[in-house]
Amino acid sequence: MPQALPNLKDLDPPRLRERLAAGGVAPYRADQILAWLYARGVDDPREMTDLALDLRERLAAEWRTRALETAVVRRSADGTRKAVLRAADGAQIESVLIPDDDRVTLCLSTQVGCPLACSFCATGAMGFTRNLTTAEIVDQVCRMRETLGPGERITNVVFMGMGEPLLNLPAVLRAIGVLVHPRAFALAGRRITVSTAGLVPKIRPLLEGAPVNLAVSLHATTDALRDALVPLNRRFPLAALLGELRSLEAISPRRPVFFEYTLLGGVNDAPADAERLLVLLRGLPSKVNVIPVNPHPGSSFRAPAMDAIDRFLGVLARGGMTVTLRRSRGADIDAACGQLAARAEGGSRTPSPNR
Ligand code: SF4
């Protein structure tokens, strides 16, 4: 199909209804199309057999419905699956599927590369090419669903792959509209988490636009260190970030902020760092995910020692913080964000944690 055609998956449910109505098609047809595209995974409008024949032919002639093709899928011994997906312009992105007990979590990318250049991140080292379209975001779900085994289904979606989601907020919000629509992917908002490195002005619009969880990649407890690890901190320092989070009505004990804290050996893993973290987050409904960095040849960072991890977690737990240690998943398949796409391009990159 010619690339110049618009993509049907760029339309969120309200816009799909509008476009159909503008062409004289009854709005309820939108629900049928959503069910075919997303619930059933049928891309060819000619196979949407409960639509009138002339509508099927019009859709097939006027719209594209696929945005991504699968280039590579790698499977880890622990069940994690990582794919490199290719867009029509040849851009390559990654999605990761992580089975864990009764959950299957899909990690989505939102940009080709990332302009924020966090110092520990393979994606940041790739530089920035462009934002993904809504179709390219939702098609990651369609392609990754093709890797599911019998009885598996995607239960959770996290926007923690390549890119800063809040730099592509309109497309992310439209994609969330598809994820939660009952005729499309029918995911509850509480099963969707959007992660940010701290793009302060866009956090409120995200939470006002979508009933999702917020994750913040914190990684440091002083501006000096965070300036070095997450350069966005120079524009939005810790006080501005935490002040904004404290002002949000959407944040509550039932809907806390998830703070991602990548533990870098000898950099941010001292008990004093954990003590400062407790002080910073005091009074803010929070959960902390501690993620020991994945050691990787060529990285200037090293994994924290086991006793340093234990001490760090102990300080947080004694301080009353809800804290989880995120196990490294898919280390045998370069599952941290940006690693596999970097390898697929033949580059040698700094490894990233799983954000
Ligand atoms: S950690 Fe996230 S925000 Fe930072 S450079 Fe990597 S993808 Fe971008």
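The values are calculated or read from the model by the stated rules, or taken from the named source; none is laboratory data. None of these values were measured; they are calculated from a predicted model. Here the Cβ positions follow ideal geometry from the backbone for every residue, glycine too, while neighbour counts run over all protein chains shown. Areas reflect the complete protein model, heavy atoms only, side chains present, ligands, DNA and RNA absent. Shrake-Rupley method; radii C 1.70, N 1.55, O 1.52, S 1.80 Å.
Per this entry, residue 320 is not counted among residues that are open to solvent by 60 Å² or more (accessible area, probe 1.4 Å), under 24 Å from residue 196 (Cβ atoms) and of a type outside the set (A, V, I, L, M). Cβ-Cβ distances below 6 Å connect the following pairs, each with a first residue in the stretch 115-138 that is within 25 Å of residue 179 (Cβ to Cβ) and hydrophobic (A, V, I, L, M, F, W, C), a second residue that is near the ligand (Cβ under 9 Å from one of its atoms) and open to solvent by 20 Å² or more (accessible area, probe 1.4 Å), and a separation of six or more residues or different chains: 128/115. Just to be sure before I move on: is residue 255 more than 14 Å from the ligand (Cβ to nearest atom) and closer than 30 Å to residue 85 by Cα in the structure I sent? No; evaluated as a whole, the condition is false for this residue.
The set of residues from the stretch 16-34 being in a helix (DSSP H, G or I) and either open to solvent by less than 10 Å² (accessible area, probe 1.4 Å) or farther than 20 Å from residue 141 by Cα (or both) comprises 16, 17, 18, 19, 20, 21, 22, 28, 29, 30, 33, 34. The lone criterion from (1) out of contact with any helix residue (DSSP H, G or I) (no Cβ under 7 Å at 6 or more places or on another chain); (2) acidic (Asp, Glu); (3) within 14 Å of the ligand (Cβ to nearest atom) left unmet by residue 102 is number (3). When each of 227, 269 is tested for being surrounded by fewer than 22 Cβ atoms within 10 Å (Cβ to Cβ), in the same structural domain as residue 312 (by TED's automatic domain parsing), over 25 Å from residue 192 (Cα atoms) and in contact with a Lys or Arg (Cβ under 9 Å, 6 or more places away or on another chain), the lone residue that passes is 227. In this structure, does residue 167 turn out to be open to solvent by 10 Å² or more (accessible area, probe 1.4 Å), within 16 Å of the ligand (Cβ to nearest atom) and either part of a helix (DSSP H, G or I) or not assigned by TED's automatic domain parsing to the domain that holds residue 103 (or both)? Answer is yes for this residue. Candidates are the residues of the stretch 237-257 that are more than 17 Å from residue 201 (Cβ to Cβ) and open to solvent by less than 50 Å² (accessible area, probe 1.4 Å); the one that is nearest to the chain's Cα centre (by Cα) is 256. Residues in the stretch 202-214 that are within 16 Å of the ligand (Cβ to nearest atom) and either open to solvent by 50 Å² or more (accessible area, probe 1.4 Å) or in contact with a Gly (Cβ under 7 Å, 6 or more places away or on another chain) (or both): 202 alone. Could you tell me whether residue 162 is away from the ligand (no atom under 16 Å from the Cβ), under 26 Å from residue 64 (Cα atoms) and touching a Ser or Thr at 6+ places or on another chain (Cβ under 7 Å)? No; evaluated as a whole, the condition is false for this residue. Could you grab me the full set of residues in the stretch 215-234 that are within 13 Å of the ligand (Cβ to nearest atom), free of Cβ contacts under 8 Å to residues at least 60 places away in the same chain and either assigned to a helix (DSSP H, G or I) or of a type in the set (Lys, Arg) (or both)? Residues satisfying the conditions are 226, 233. Residue check, residue 78 against (1) of a type outside the set (Phe, Trp, Tyr); (2) surrounded by 17 or more Cβ atoms within 10 Å (Cβ to Cβ); (3) under 29 Å from residue 300 (Cα atoms); (4) away from the ligand (no atom under 16 Å from the Cβ), all met but one. Which one? Among (1) of a type outside the set (Phe, Trp, Tyr); (2) surrounded by 17 or more Cβ atoms within 10 Å (Cβ to Cβ); (3) under 29 Å from residue 300 (Cα atoms); (4) away from the ligand (no atom under 16 Å from the Cβ), residue 78 violates only (2).
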